[in-house]
Amino acid sequence: MTNPTKEQLIVKPSAENLAAAARAAGRKGPPPVHLWNPPFCGDLDMEIRRDGTWFYLGTPIGRHGLVKLFSSIIRKDGEDYFLVTPVEKVGIRVVDAPFVAVDAEASGTGRDQVLTFTTHVEDVVSAGPDHPIRVARDPETGEPSPYVHVRANLEALIDRKTFYRLIELGSHEDQGGTSWFGLWSGGAFFPVIPSSELG
């Protein structure tokens with residue numbers, strides 16, 4: 001089987017063409033999507049739901065290997081998400097974050113603690129100054145949505161079961177004159193909620 005030519009790939013954005021180009025580009029490690037500047041070829045009917053499920057043409061993508069491949073070529077420019085190969089750039093929809101952190105392991109304790117996350121597409125990242133944890137709260141319900149930075153400006157939503165486990169590892173620290181409950185990892189403290197709001 002021969003690799004598709006640049007002309008074949010640029011004719012019409014499709015999941016098949018993107019997959020072929022991603023495979024070719026990523027043969028020697030993670031594709032350097034931040035270095036590529038191909039022409040924009042339009043939007044693809046592809047969406048990543050809040051639970052991390054990928055949909056193409058309204059149907060879930062059932063092949064984990066294909067999802068993992070696509071996840072390696074995601075890029076966020078501004079507030080928009082794209083799949084990028086050396087020859088094309090197509091827009092996709094992301095409901096919340098492109099990744100979901102489905103597990104976390106802790107090593108060390110207190111200020112020496114390191115939290116290492118694994119995403120649903122098998123990215124592994126240790127939280128710290130270069131990979132911060134942040135918590136957004138719904139303005140109406142106050143419900144927290146925790147995230148960890150994965151790469152470039154892409155984040156993973158930390159799933160509920162993992163977040164609840166992490167809360168057991170939290171501590172109270174003074175931040176700018178206010179006491180916060182939060183998490184230590186990689187020498188950095190990440191605030192979760194003001195201590196005064198905990199019952």
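The values are calculated or read from the model by the stated rules, or taken from the named source; none is laboratory data. Source: prediction; values computed, not measured. In this analysis, Cβ positions are derived from the backbone assuming ideal geometry, glycine residues included, and neighbour counts consider all displayed protein chains.
Within the stretch 96-133, the residues that satisfy the criterion of being in contact with a strand residue (DSSP E or B) (Cβ under 7 Å, 6 or more places away or on another chain) and exposed (fewer than 14 other Cβ atoms within 10 Å of the Cβ) are Glu105, Ser107, Gly108, Gly110, Arg111, Val124, Pro129. Only a single item in (1) in a helix (DSSP H, G or I); (2) within 25 Å of Ser71 (Cα to Cα); (3) of a type outside the set (D, E, K, R) is not met by Val148, and it is number (1). If you go through the stretch 1-54 and keep only what is among the β-branched types (Val, Ile, Thr) and either at pLDDT 65 or above or touching a Lys or Arg at 6+ places or on another chain (Cβ under 7 Å) (or both), you end up with Val33, Ile48, Thr53. A Cβ distance below 9 Å, combined with a sequence gap of six or more or placement on separate chains, defines the contacts here; from the stretch 186-198, residues that are modelled with pLDDT of 90 or more reach residues that are of a type outside the set (Gly, Ala, Ser) and part of a loop (DSSP other than H, G, I, E, B) in the pairs Gly186/Gln113; Gly186/Pro129; Gly186/Asp130; Gly187/Pro129; Ala188/Pro129; Ala188/Pro132; Phe190/Pro132.
Within the stretch 160-171, can one find any residue that is part of a strand (DSSP E or B), out of contact with any Lys or Arg (no Cβ under 9 Å at 6 or more places or on another chain) and free of Cβ contacts under 8 Å to residues at least 24 places away in the same chain? So far as the stretch 160-171 goes, no, none of its residues is part of a strand (DSSP E or B), out of contact with any Lys or Arg (no Cβ under 9 Å at 6 or more places or on another chain) and free of Cβ contacts under 8 Å to residues at least 24 places away in the same chain. Within the stretch 145-190, if we keep just the residues that are within 14 Å of Glu105 (Cα to Cα) and of a type in the set (D, E, K, R), the residue that is nearest to the chain's Cα centre (by Cα) turns out to be Asp159. Out of all the residues in the stretch 161-184, is one or more of a type in the set (Gly, Ala, Ser), surrounded by 19 or more Cβ atoms within 10 Å (Cβ to Cβ) and under 30 Å from Pro32 (Cα atoms)? No, the stretch 161-184 has no match at all.
Scan the stretch 80-114 residue by residue and report those that are outside any strand (DSSP E or B), within 14 Å of the chain's Cα centre (by Cα) and without any contact (Cβ under 8 Å) to a residue 40 or more places away in the chain. Once the filter is applied, which keeps residues that are outside any strand (DSSP E or B), within 14 Å of the chain's Cα centre (by Cα) and without any contact (Cβ under 8 Å) to a residue 40 or more places away in the chain, the stretch 80-114 yields nothing.
Taken over the stretch 46-65, the residue count meeting the criterion of being closer than 18 Å to Ala20 by Cβ and in contact with a strand residue (DSSP E or B) (Cβ under 8 Å, 6 or more places away or on another chain) is 5.
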